[in-house]
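Each value in this text was obtained by applying a stated rule to the coordinates, not by laboratory testing. Because the structure is a prediction, the values reported are computed rather than measured. Please note: Cβ atoms are built from the backbone with ideal geometry, for glycine as well, and neighbour counts cover all protein chains shown.
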2 protein chains.
Amino acid sequence: MGEIRRLVTKQELTNTRSWTTRLDAKKSRIESVKKLVDGMIIPTDRIVEILERLLQASDRVVLEGNNQKQASFLSKALSQADPQILHDLHMIIPSISRPEHLDLFEYGIAKKVDFSYAGPQSLRMAQMLEDGQLTMGEIHTYIELYGRLFIDLIPSVALVAADKADQNGNLYTGPNTEETPTLIEAAAFRDGIVIVQVNELTDELPRVDVPGSWVDFIVVADQPYELEPLFTRDPRHITDIQILQAMMVIRGIYEKHQVQSLNHGIGYNTAAIELLLPTYGESWGLKGKICKHWALNPHPTLIPAIESGWVESVHCFGGEVGMEKYVEARRDVFFTGPDGSLRSNRTLCQLAGQYAVDLFIGSSLQMDHEANSSTVTRGRLAGYGGAPNMGHNPGGRRHSSPAWLNMMTTEDPLVRGKKLVVQVVETFQNGNKPVFVDSLDAIDVKKDSNLAVAPVMIYGEDVTHVVTEEGIAYLYKTDSIERRREALSAIAGVTPVGLKQSSARIEQLRREGLIAYPEDLQIRRTDAKRSLLAAKNIEEIVEWSDGLYEPPAKFRSW
Amino acid sequence: MGEIRRLVTKQELTNTRSWTTRLDAKKSRIESVKKLVDGMIIPTDRIVEILERLLQASDRVVLEGNNQKQASFLSKALSQADPQILHDLHMIIPSISRPEHLDLFEYGIAKKVDFSYAGPQSLRMAQMLEDGQLTMGEIHTYIELYGRLFIDLIPSVALVAADKADQNGNLYTGPNTEETPTLIEAAAFRDGIVIVQVNELTDELPRVDVPGSWVDFIVVADQPYELEPLFTRDPRHITDIQILQAMMVIRGIYEKHQVQSLNHGIGYNTAAIELLLPTYGESWGLKGKICKHWALNPHPTLIPAIESGWVESVHCFGGEVGMEKYVEARRDVFFTGPDGSLRSNRTLCQLAGQYAVDLFIGSSLQMDHEANSSTVTRGRLAGYGGAPNMGHNPGGRRHSSPAWLNMMTTEDPLVRGKKLVVQVVETFQNGNKPVFVDSLDAIDVKKDSNLAVAPVMIYGEDVTHVVTEEGIAYLYKTDSIERRREALSAIAGVTPVGLKQSSARIEQLRREGLIAYPEDLQIRRTDAKRSLLAAKNIEEIVEWSDGLYEPPAKFRSW
């Protein structure tokens, strides 16, 4: 051992250490605004000066930059703070969505950022990093960022949004509960300060989503928090190719493996599947046999399947603008409060989507020979969101389901099942860029942005199926890298990856069941028409919903 | 496509379907007990007849059999129900801990069970399954069972326990919040019925852990809920071998890889590590460099490390009997409510332990050549608990940390880090049974109990390090199954696995750094003595704690 000069014993320790530094700091900060606030209530017009007192330089601050819901009043107020007073903040923003999220760094108020997703701000983000205006912490998935809030990214302050509060600080979030309770829990139970913007103060709440004893301050926002309808896909944009792929998925994957619980990505190709269940799925007698339980936001394109009795349950990450009345009227299917409005929960839904469903299906912009894929492109730092959690085979899973067991291909006594991870891509993107490539752009982004690892969304080792307009590659059946490459190239069309296959070899792969073309699944390409969609536009979805779905203006064409 | 006789359209669907069947059932059940209850309050002595009305045959019922906290009043009451009225219940019990959990099946009240852990009842459980008295659902880890509560195991009724409630049904759980909020959320937001036993009804709660609007009924229990001190390890039982292993772990793993955040198993070998930090760890100048952030129950053996300033934070799955006052007095370290008592959260801590820490370290009863391990033995169905979640490399993780990056061993442009998963075992268990075996008992248990897959706790592919009294095998450095086997056998002593190595080959493995013996880490075996422990018994732990730790009677010897 190292030279033990002496063993420390209890008696030798100075007993001068305080064990309440966080509580003491919280008390003195709250004391400093005592005269400016009315109990828990912060006057709307004094928010900036009060933030300047409740926060301190170098604080670790979690800001609800949520996936859909934004604490927009608080983020604007923070960006107006005096950088002489508030500087070097370490921001934790699950989703960097608004311009002022990055203004904070430009103005010198904040310095370092940890985040999950930066879709709308990804270009500016990359530029600011290059210009040294921002220090990068780590890029996370949602769920691992939440985890770190309880380990080594414990916040001093949480700035979040809710619909309503009562005088005791109890919160009602409405349908967009999302991650608000998790962000608050991390600060509230570690002597952090919790500040909540609400649209309204009221005497009686429809229900309580977060107890008042977790909250320190309430401020009524000057306007309702920002909320984005991120998951609404207008069926008008669904193409015949996407319909063909959806038919293949339904027969060649969902029916073949008896997929009963699942999570869909947010593209038009998965919207097509949702809209084919009541028509094409019905024609094969699949109702009640597949697609019964969903971990999914309340997608409008799921309405026809719900109305025709396909769907037993949907648990939601977040809400979706326009779906409020529909969800309330279909409470046998959705998780709702006693008040009838949706209760979403991003933390629990990510957990359920990872561990409790048979299948994830999504899309990507690039895929290499081994089915590694990424949506990351050069010059953008978009982050991960939730896809890597949904789109991997969770090694901690121990329970089985028919679909999970169906992925076992060996006689090894320790063999176990797998989550189905399906990637649906067309061989070429818009602009004639091949999706299948020799090397992912993510590798260049790693170098450009000086990241520790290449930002891969879904690793090939986790992918069980790839679907293109050519056919399906059953990658879970392959027993070597070489066989995976072969199966993939057989459905990769005339891309650099696809050109490597001979047609005799392809016939061999079909016979072995490593790939399937539409005709192998009794699908005629000429049947893949938009007329198969249960709803061909938003208006028809509204009709299916008995007028309960109220699409945002930008989706209305009538 | 299948013959499409006709496409279903909205107009063709009968509009007679109700979408509020769950709410209607809930209302009518609650109506049926209206005259027997006082608002939300169930009279203690009428609990059995009220359960017979609020539940119905074939219901899916989640019962808080928690890891430590037991809804013991409610489980006893349910076992007294009339099987003519209540039968064929489908029970979801995270931890099957109490005799009446299985009585329910013997009496014909319940039929099917889904669970995570059945340690104390594992023998009877296996026997009842064999006798056909019980239908097995699936065996889960905690976190995947919680996930299924929101997907395909949505409960009709939740029976849970809390410390106190007020007249509005707001709940205070005290330190053992554990999974209560998650179990309640699944029922409360799907029109299920939530029934909570409390130790006390009170006017004012110290804090609110679950809002009253999530709760339907409160019943004051005839005696406080059962609570087990599961994680208290008396240092008197720590052996010199365990101390030697702890020294190797500190130098050869924690220091080598800069492990800053971690989760410890609950054995004496990890207790030894905790008790060596302030002595042996201090002698190597490691304070502030390793072991700063913990996902861990409040282990008493961590007290000396906390007192000597090693520990910045601990987030807890649950509480630990006797640690209440200590935790309250050390609130800079633990997550506590504004009232000062611990706020644990098994769901969030499992999430954090999976995604946000560098390392898991635990033990096992059996390990095969490829480092697959299991604590399952024949004739017992013990389940999984949380170890498989802590003890695997989470494929969904994207952020990096120094230790995680340190596991990268190739130049592949897509290489990423790994969670450190460490198994500490002695080559022989008590009774001279070798730990290293040719084939796990789990394979026989699979056959005996007709399980879908063998009950493996931790798969070899996830294990980065194995530590025995002989040395450390750095499995993460091996690039083939053969090399893994070699490294493992070099530290497996005279077991069937260990006997396969020549000493020349072993020297080669040492030189390559695939294994390390104590002397390679500058550890003298003769230094490994109990005198190195910062506390050698419970009394010394109490002393370290300034008398704040109050051990349960069974741990007191003075």
Computed P(r) (all Cα pairs; the protein assembly as shown; 10 Å bins; percent): 2, 10, 19, 24, 23, 15, 6, 1, 0
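All other residues with a Cβ under 9 Å from the Cβ of residue A:19 taken together, and with Lys, Arg as +1 and Asp, Glu as -1, what is their net charge?
With Lys, Arg at +1 and Asp, Glu at -1, the neighbours total +2.
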Could you tell me which residue in chain A puts its beta carbon nearest the axis mapping A onto B, with the distance rounded to whole Å? A:211, 3
Per-peptide average of other Cβ atoms within 10 Å, ordering A:547-557, A:137-147, B:215-225 highest first: A:137-147, B:215-225, A:547-557
Ordered by residue, what ³J(HN,Hα) values in Hz, to whole numbers, does segment B:45-51 give under the Karplus form 6.51 cos²θ - 1.76 cosθ + 1.60, where θ = phi - 60° and Gly and Pro are x? 7, 10, 4, 5, 5, 6, 4
Give the average, rounded to an integer, of partner chain Cβ atoms located within 10 angstrom of each Cβ in B:335-344. 4
At 7 Å out from Cα toward Cβ: residue A:202 inter-copy label distances (nm, ascending): 3.0
Amide proton proximity set for residue B:191, modelled H, under 5 Å, gap of 5+: A:336
Given B:289/B:446; B:69/B:292; B:289/B:325; A:76/B:287, which pairs have Cα atoms separated by over 32 Å? B:289/B:446; A:76/B:287
Computed [θ] at 222 nm, helices only, for the protein assembly as shown once each DSSP H run of length n ≥ 4 contributes -39500 (n - 2.57): -7000 deg cm²/dmol
Amide H contacts of residue B:515 (H built 1.01 Å from N, under 5 Å, at least 5 apart or other chain): B:474, B:510
Place the label 7 angstrom along Cα→C-beta at residue A:430 and in each other copy, then list the distances from the first to the rest in nm, shortest first. 6.9
Output row for residue B:481: copy-to-copy label distances, label 7 Å along Cα→C-beta, ascending, in nanometres, one decimal, is 1.7
Check: C-alpha center segment B:239-290 vs C-alpha center segment B:105-177, spacing in Å is 36 Å
For peptide A:184-194, what's the mean number of Cβ atoms from other chains within 10 Å of each residue's Cβ? 4
Footprinting exposure proxy for A:32, A:503, B:363 (fewest neighbouring C-beta atoms within 10 Å first): A:503, A:32, B:363
Count the net charge of all other residues whose Cβ sits under 11 Å from the Cβ of residue B:500, scoring Lys and Arg as +1 and Asp and Glu as -1. 0
Rounded to a whole number, what is D in µm²/s for segment A:27-227 from Stokes-Einstein with the Kirkwood radius over alpha-carbon pairs (37 °C, 0.692 mPa s)? 198 µm²/s
Arranged from highest to lowest average of other beta-carbon atoms within 10 Å per residue, in what order do the peptides A:171-182, A:242-253, A:279-290, A:57-68 appear? A:171-182, A:242-253, A:57-68, A:279-290
Partner chain coverage, peptide B:275-284 - average Cβ within 10 angstrom: 4
Under the rule rounded for a/c under 1.5, else prolate if a/b exceeds b/c, else oblate, using alpha carbon gyration tensor axes a ≥ b ≥ c, segment A:5-128 is classed as oblate
Over chain B, what is the relative contact order in whole percent, taking alpha-carbon pairs under 8 Å and six or more residues apart? 13 percent
Restricted to the protein assembly as shown, the DSSP antiparallel beta bridge percent, nearest 5, is 30 percent
Beta bridges per DSSP with both ends in segment B:235-541, % antiparallel, nearest 5: 35 percent
Hz values of 3J(HN,Hα) by residue in segment A:28-39 - Karplus curve (6.51, -1.76, 1.60), Gly and Pro given as x: 6, 5, 5, 4, 5, 10, 3, 7, 9, 10, 10, x
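Provide the net charge surrounding residue A:133, with neighbours chosen by a C-beta distance below 14 Å and charges set as Lys +1, Arg +1, Asp -1, Glu -1.
Numbers: positive: A:111, A:112, A:124; negative: A:88, A:103, A:106, A:130, A:131.
With Lys, Arg at +1 and Asp, Glu at -1, the net is -2.
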Given axes a ≥ b ≥ c from the Cα gyration tensor, I'd like to know whether segment A:272-390 is rounded (a/c under 1.5), prolate (a/b larger than b/c) or oblate. oblate
Residue by residue through segment A:427-443, what is 3J(HN,Hα) from phi via Karplus (6.51 cos²θ - 1.76 cosθ + 1.60, θ = phi - 60°)? Round to whole Hz and write x for glycine and proline. 5, 10, 7, 3, x, 6, 8, x, 6, 7, 10, 6, 8, 6, 4, 3, 5
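Based on the alpha-carbon gyration tensor of chain A and its eigenvalue square roots a ≥ b ≥ c, which shape applies: rounded if a/c is under 1.5, prolate if not and a/b is larger than b/c, or oblate?
Values: a/c = 2.01, a/b = 1.52, b/c = 1.32.
Prolate shape, in that a/c is at least 1.5 and a/b is the bigger ratio.
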Which far-off residues, 5 or more places away or on another chain, put their amide H under 5 Å from the one on residue A:140, with H placed in the peptide plane? A:115, A:116, A:384
